[in-house]
Number of protein chains: 2
Amino acid sequence: MARIALDAMGGDHAPQAPVAGALDALAELDASHTVQLVGQRASIEAELDRLGRSSDTLRKRLETVDAPDVIEMNEKPTAVRGKPNSSMMVGLRLQADGKSDAFVSAGNTGAQMAASMLLLRLHPGLKRPAIATIFPTAKLPVVVLDSGANVDCSAEELVQFARVGAVYAEDILGRSNPAVGLLSIGEEPEKGNTVTKETHALLVESGLNFLGNCEGRDLPAGTCHYGDLDVVVCDGFVGNVILKFYEAVAPLMIRMLAKEGMQEQTIRSALRQLDYSEHGGAPLLGVKGVSIICHGRSSPRAIKNAIKIAVQAVESRMNDHIGRRLERSASGAA
Amino acid sequence: MARIALDAMGGDHAPQAPVAGALDALAELDASHTVQLVGQRASIEAELDRLGRSSDTLRKRLETVDAPDVIEMNEKPTAVRGKPNSSMMVGLRLQADGKSDAFVSAGNTGAQMAASMLLLRLHPGLKRPAIATIFPTAKLPVVVLDSGANVDCSAEELVQFARVGAVYAEDILGRSNPAVGLLSIGEEPEKGNTVTKETHALLVESGLNFLGNCEGRDLPAGTCHYGDLDVVVCDGFVGNVILKFYEAVAPLMIRMLAKEGMQEQTIRSALRQLDYSEHGGAPLLGVKGVSIICHGRSSPRAIKNAIKIAVQAVESRMNDHIGRRLERSASGAA
């Protein structure tokens with residue numbers, strides 16, 4: 001049983017996409033799970049009425065929590081302090097108060113990070129949370145982190161990303177003893193920038209299943225010189241550049257192929273494995289709780305998948321496992 | 001009239017690919033241009049005999065320069081000092097001695113950089129050269145640098161990359177007043193890591209046609225929030241990761257589409273604009289001369305295109321323009 005708070009006002013297509021995504025998720029999830037739609041009550045109810053397709057049974061698993069304020073997409077992260085009654089803050093406060101188990105938003109990413117750190121707080125020993133994104137590959141999907149929360153990272157921070165990313169790969173992707181790769185510019189340990197080389201040395205001693213360096217070409221492949229990848233660690237600058245690049249390449253190719261007369265539907269279907277909406281949201285790892293970040297452009301389908309990830313995170317007790325993993329590492333074990 | 005020295009022993013398919021690429025280039029180039037095949041004479045001549053398809057007219061524009069040693073792909077860059085008679089060193093020495101105008105190799109990249117710095121030397125004021133790679137985009141191709149020569153870069157170095165990259169875009173791609181973007185994780189000047197933010201401030205004052213920050217998604221698009229891109233600046237760590245990622249994504253998608261029954265030939269033809277062999281080699285910018293780096297896996301077609309880029313670099317006097325641009329910037333102008 002998981003209670004998922006959803007930011008009904010977050011994202012480019014709010015409240016339509018979140019509300020529709022919530023209904024789709026409830027229809028597919030086990031009946032013990034509920035969704036809390038957080039936002040301007042009137043807008044949410046108007047949207048529910050407009051959709052009008054939900055059964056009473058579904059409606060019973062849907063609660064509306066009023067939050068009069070909205071944090072806009074272009075506001076600074078610090079805006080959360082001035083808007084305690086925004087959907088972002090109200091939704092996360094439910095969790096901090098024990099009235100909800102997870103929070104999902106397609107709103108302002110910086111604000112969601114700030115609000116999550118403020119209300120959920122970080123696990124001891126962490127300085128910053130990391131955004132863990134699922135990259136579709138030719139093999140199994142790979143967890144890449146950090147994909148944008150931290151731009152200048154120390155080697156110690158990158159090792160912590162590896163630890164929390166490994167728990168995510170275990171709990172959400174079901175990988176046992178996840179294989180960790182360090183993104184660099186050559187497979188040899190001596191290749192890379194200063195921080196990467198330091199990180200390599202620390203990862204060797206970390207007790208994690210560290211394979212070694214992987215390269216840009218190994219990401220779409222899902223495998224590197226040393227074996228198949230479950231987790232890839234990099235700083236949030238590189239991770240964000242690669243993520244946005246990846247998201248843009250597939251649509252570009254689809255347009256080029258369609259221009260030559262191929263059926264767009266056939267192409268999309270062949271490349272569906274690469275569709276990021278399939279994987280929904282990216283959890284903010286390191287906060288004491290569950291906070292899932294969705295793309296601003298999220299469709300109902302992406303929101304639905306993010307809610308499912310939130311349920312998995314709650315049911316697998318991912319957050320407890322992250323806490324324990326970090327405690328163990330602080331005491332010298334893996 | 002350009003004399004292009006080609007490393008006949010460099011790359012995964014040497015000497016076959018370089019020798020075939022040289023003949024193909026000569027067949028397409030104006031008759032005033034010549035190629036110097038540098039390497040083990042016996043191997044080169046055996047390969048020329050095996051191909052046997054070249055006319056006497058072509059052969060007259062082809063000279064063989066003996067170099068008994070070979071630098072292997074896995075040797076350290078410092079190996080060049082111990083192998084003064086390697087094809088890499090002999091080929092570059094021809095240029096240093098005024099007997100050749102450009103050098104092209106698909107061999108060991110680190111060794112080519114070391115040998116180029118040793119024999120051609122750097123323009124005054126530069127600490128390191130940069131590898132400038134052409135990225136195919138949905139619009140015009142974009143010059144991305146550095147794509148792997150420098151992993152930890154200062155803001156001053158990134159600005160120098162912008163200057164030499166702009167000359168390359170003018171002289172080789174024919175862009176007037178090239179538009180420069182700085183790769184970051186958001187379009188706003190305050191987005192990015194510490195070095196990127198410092199670089200942004202310096203580029204605004206640089207006298208270059210600096211557009212502002214661009215993001216990962218803008219690379220395949222060829223355009224950013226501020227306009228179409230000619231040059232994108234980043235450090236060699238990010239540039240190398242993105243380049244290798246880009247090279248791997250297209251083949252992955254082609255395999256996925258082919259698996260669903262689409263004709264591989266049709267797909268390749270639709271995506272030919274994204275084929276890196278179309279763009280051949282990546283010049284090492286900043287050395288006093290012309291040194292073109294090719295992919296180790298280069299096909300004859302990639303070698304042919306790299307030779308053509310070398311000819312363009314010589315004919316446009318790119319190297320002189322780079323020297324002058326750097327002198328002007330040192331004296332306070334753009």
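Listing for the model above:
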| read-out | value |
| --- | --- |
| Violating pairs (Cα-Cα greater than 22 angstrom) within the set A:308/B:259; B:127/B:288; A:197/B:191 | A:308/B:259; A:197/B:191 |
| Qualifying trypsin sites (Lys or Arg not before Pro) for segment B:37-88 [loop in DSSP, other Cβ within 10 Å: at most 12] | B:53 |
| For segment B:187-334, alpha-carbon Rg relative to the globular expectation (2.2 N^0.38 Å, N residues) | 1.26 |
| Mean shadow area of segment B:1-51, taken as a quarter of the surface of its Cα convex hull (nm²) | 3.3 |
| Local net charge near residue B:251, Cβ-Cβ under 14 Å (Lys/Arg +1, Asp/Glu -1) | +3 |
| Simple Cβ-charge dipole of chain B, Lys/Arg +1 and Asp/Glu -1, about Cα centre, in debye nearest 20 | 540 |
| Semi-axis lengths (Å, descending) of the ellipsoid that matches the C-alpha gyration tensor of segment B:19-128 | 27, 17, 11 |
| Coarse-grained scattering of segment B:109-243 at q = 0.09, 0.17, 0.19 Å⁻¹, given as base-10 log I(q)/I(0) from a Debye sum over alpha-carbon atoms | -0.23, -0.84, -1.05 |
| Spatial extent of chain B: Rg and Dmax, with the Cα atoms as the point set, Å | 19.8, 61 |
| Trypsin sites (Lys or Arg not before Pro) within segment A:274-334, DSSP loop, no more than 13 other Cβ atoms inside 10 Å | A:317 |
| Equivalent ellipsoid semi-axes - Cα gyration tensor, segment A:293-334, angstrom | 31, 11, 5 |
| FRET efficiency for residue A:177 and residue A:60, using Cβ-Cβ distance with R0 set to 30 Å, rounded to 0.05 | 0.15 |
| At 7 Å out from Cα toward Cβ: residue A:321 inter-copy label distances (nm, ascending) | 5.7 |
| Distance cut-off 15 Å, percentage of C-alpha pairs in segment A:233-274 lying past it | 50 |
| Relative contact order (%) - chain B, alpha-carbon pairs under 8 angstrom, separation at least six | 23 |
| Segment A:74-132: Cα Rg divided by the 2.2 N^0.38 Å rule of thumb | 1.07 |
| Ellipsoid semi-axes in whole angstrom, largest first, where each is sqrt(5λ) of the Cα gyration tensor of segment A:193-267 | 34, 14, 8 |
| Scattering curve values for segment B:255-334, log₁₀ I(q)/I(0), Debye with Cα scatterers, q = 0.18, 0.21, 0.27 Å⁻¹ | -0.82, -0.95, -1.16 |
| Nearest 10 degrees, 0 to 90: helix A:155-171 Cα axis against chain A principal axis | 60 |
| Label 7 Å beyond Cα on the Cβ vector: residue A:122 copy-to-copy distances, nm | 3.6 |
| Angle in degrees between helix B:87-96 and the longest Cα principal axis of chain B, rounded to the nearest 10 | 70 |
| Accessible area per residue in Å² at 1.4 Å probe, computed on chain B | 38 |
| Ascending list, in nanometres, of distances separating the residue B:154 label from those of the other copies (7 Å, Cα toward Cβ) | 2.4 |
| Dipole axis of the protein assembly as shown (+1 Lys, Arg; -1 Asp, Glu on Cβ), positive-most option in A:153, A:95, A:5 | A:5 |
| For the protein assembly as shown, radius of gyration divided by Kirkwood radius, i.e. Rg to Rh on alpha-carbons | 1.02 |
| Cys with no candidate disulfide partner in chain A (beta-carbon separation under 4.7 Å rule) | A:153, A:234, A:294 |
| Sparse-neighbourhood loop sites, GluC sites (Glu not before Pro) in segment B:225-306 - DSSP loop, at most 15 other Cβ within 10 angstrom | B:260 |
| Principal-axis tilt of helix A:41-51 within chain A, Cα atoms, nearest 10 degrees | 90 |
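The values are calculated or read from the model by the stated rules, or taken from the named source; none is laboratory data. Please read these numbers as outputs of a predicted model, since none were measured by experiment. Ideal geometry is used to build each Cβ from the backbone, glycine not excepted, and the neighbour counts take in all protein chains shown. Please note that ligands, DNA and RNA were not included when accessible areas were found on the heavy atoms of the full protein model with its side chains. Shrake-Rupley method; radii C 1.70, N 1.55, O 1.52, S 1.80 Å.
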